[in-house]
Every structure is written in structure tokens, then in C-alpha cells.
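Quick notes on the structure that follows.
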Amino acid sequence: MIGRREFIGALAASAVRFKGVRLGIGTFSYRGLKLDEVARIVHSAGSPGVELEASSLGSDDPARARKQLRVYAFNAPIPEKLTDAEIEAVVLKTKALGAAILNTTTTLPTAKRIAPFAAKHKVRVGLHSGGGIGSGASYLEGFGISPWINANIDLYAWKNLGPDPLAFIREHHQRITSIHFHDRKGNAFVPFGEGELPTRELLLMARNERFDFTFSIERIYNVPSIDHAAETRRNLDYCKNILAG
């Protein structure tokens, strides 16, 4: 089992808590931008910790990225075709970034291959929706593989968690690495507070029940001539205003 010290250590690079809740930025918000520009935006927005997408890192040196950003999680797909050596290389890249969380889209059979490397290098793995994973039952099956295999929940797919998704999160919050946090109305992603997803309920539940996972804020909607830093600050302020209420 993962000890309390190791669990907290896996979260140490996360954003500073606000009212007890960890708020970070998912760099999927800046898809298409290179690492230097991502770092500039994040620093302009107040330098929160980031969940770094593999596409944001690109071919940049992880050690260089570590100097530019506080990375609490690395998000990289691990397809079934990867060799064991290639899987371990992804885990080691996570460590090189200064993170102790690897969120990944993969399959349950591949998660079984990832588990020994996660345990060896003390990296918590969060399974993201995709590859047959995303339902409450599939996450529970993943939890049974190893204490190092956990859930990286995407709020868009939260209804897949079962008849009461909030109850699933409450019951299994210690097995959640991060939640990809955004809002949606019908078929469209929208700014926080304009959609139908339980953003307020989740933030208050995390505050009141002292959850340790991080909300990785993602800006998926498009804004003409977007000011990324200003939009990031707006999203952070939305979360902080709810938590301060």
C-alpha cells in the first residue's frame, strides 16, 4: 500500500491550496502552443502548478520544462503497442519533470503492465477516460490492480461514474489523482458557471471534506482573439470565489 507520506509527496508539486482545495491548470487549455509560450501564460496568470500535456512538452527536455513550470502531473497516452522499456521511459519522464503523477489514456491490460514501473519509481498513475476505461466499474477494476493505479476523472464524462457520480467521487477521492475541470452545456463547452456540470458542488465538497486531489482547470471553449492569461485568471477566480463563499 501507499503510505500517507508517499501520498502527500505525490501531491507536493501541486498548486498552493486555496481554502484547502488544490487548484491547478491543465495545459490542454493551451493546445497548439509550445512550452515557452505555455510557461509565459502560466506565469502571467500567477504561476499555479500545471498538469502538463505531452503535446505541450513536445520534444523539449523535461529538465528544462521543470525549471519553467511547477508540474504536479504529466499527461501522456500509453498505447498497448508500447514495449515495457517504452512504458518505463514515460514513467521516468514524469519523474524528470518533477511530478509524481502520471495521467494516461490506456487500457486495463496495459495498466497491469504499467503498475510495476509505477511502484518501482513511486509514481501514482491516473487512468483517464478512453480505452474502455471511464465507468465506475472500470475504475474499481483498475484500483484492484495496484494501489499505484488510480483515476484521472474527466468532468465531461462524470455521469459514467454511476447513478450518483458525486457519491463515487466522495467514496473514492483518495484514489483520484486529478479531475479535469471544465463546464459544458448541451454539446458545447462553455465558461465556468454557464453550463450544467456540477462545478460548484464539487468545489464545495472538496473544501468541506478536505479532498487532496487537484482540480486541473481546462479551458476547452474557444474565445476570439483570446488572452490566455486573462482567461486563466478568470477561471481561477471563478473557483476561488466559490470556495471563499
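Readers should treat all values here as calculations from the given coordinates under stated rules, not as data from a laboratory. The structure presented is a predicted model; accordingly, all values stated were derived computationally and were not measured. Don't worry about glycine lacking a Cβ; one is built from the backbone with ideal geometry, like all the others, and counts go over all protein chains shown.
Summary table below
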| read-out | value |
| --- | --- |
| Of residues in the stretch 35-47 being of a type in the set (A, V, I, L, M) and not in a loop (DSSP other than H, G, I, E, B), the one nearest to Phe215 (Cα to Cα) | Val42 |
| Among residues of the stretch 197-245, those that are surrounded by 16 or more Cβ atoms within 10 Å (Cβ to Cβ), over 20 Å from Arg40 (Cα atoms) and hydrophobic (A, V, I, L, M, F, W, C), counted | 12 |
| Residue within the stretch 54-66 that is surrounded by fewer than 24 Cβ atoms within 10 Å (Cβ to Cβ) and in contact (Cβ under 8 Å) with a residue 40 or more places away in the chain present | yes |
| Cross-chain or 6+ apart pairs with Cβ under 8 Å, the stretch 207-219 first and of a type in the set (Lys, Arg), then not in a loop (DSSP other than H, G, I, E, B) | Arg207/Val21; Arg207/Leu243; Arg219/Ser29; Arg219/His228; Arg219/Glu231; Arg219/Thr232; Arg219/Asn235 |
| Candidate set from the stretch 83-96 (those that are over 15 Å from the mean Cα position of the chain (by Cα) and touching a residue at least 24 places away in the same chain (Cβ under 8 Å)); member that is farthest from Arg219 (Cα to Cα) | Asp84 |
| Selection count where residues are surrounded by 13 or more Cβ atoms within 10 Å (Cβ to Cβ) and either under 16 Å from Leu23 (Cα atoms) or touching a Ser or Thr at 6+ places or on another chain (Cβ under 9 Å) (or both), scope the stretch 185-196 | 1 |
| From the options Ile169, Ile179, Ile133, residue that is of a type in the set (Val, Ile, Thr), under 17 Å from the mean Cα position of the chain (by Cα) and more than 13 Å from Asn103 (Cβ to Cβ) | Ile169 |
| Selection status of Gly142, out of contact with any Gly (no Cβ under 9 Å at 6 or more places or on another chain) and part of a helix (DSSP H, G or I) | yes |
| Which listed residue is more than 15 Å from the chain's Cα centre (by Cα), surrounded by 20 or more Cβ atoms within 10 Å (Cβ to Cβ) and of a type in the set (A, V, I, L, M), from Val42, Val50 | Val42 |
| Residue among Gly26, Gly58, Gly32, Gly49 that alone is within 17 Å of Asn103 (Cα to Cα) and out of contact with any strand residue (DSSP E or B) (no Cβ under 7 Å at 6 or more places or on another chain) | Gly58 |
| Strands (runs of 3 or more DSSP E) enclosed by the stretch 176-245 - at least 3 residues per element that are of a type in the set (Val, Ile, Thr) | 176-181 |
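Per-residue answers, yes or no, for (1) under 15 Å from His180 (Cβ atoms); (2) of a type outside the set (A, V, I, L, M, F, W, C):
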site	(1), (2)
Ser29	yes, yes
Lys34	no, yes
Ala45	no, no
Leu52	yes, no
Leu57	no, no
Asp61	no, yes
Arg66	no, yes
Ala73	yes, no
Thr83	no, yes
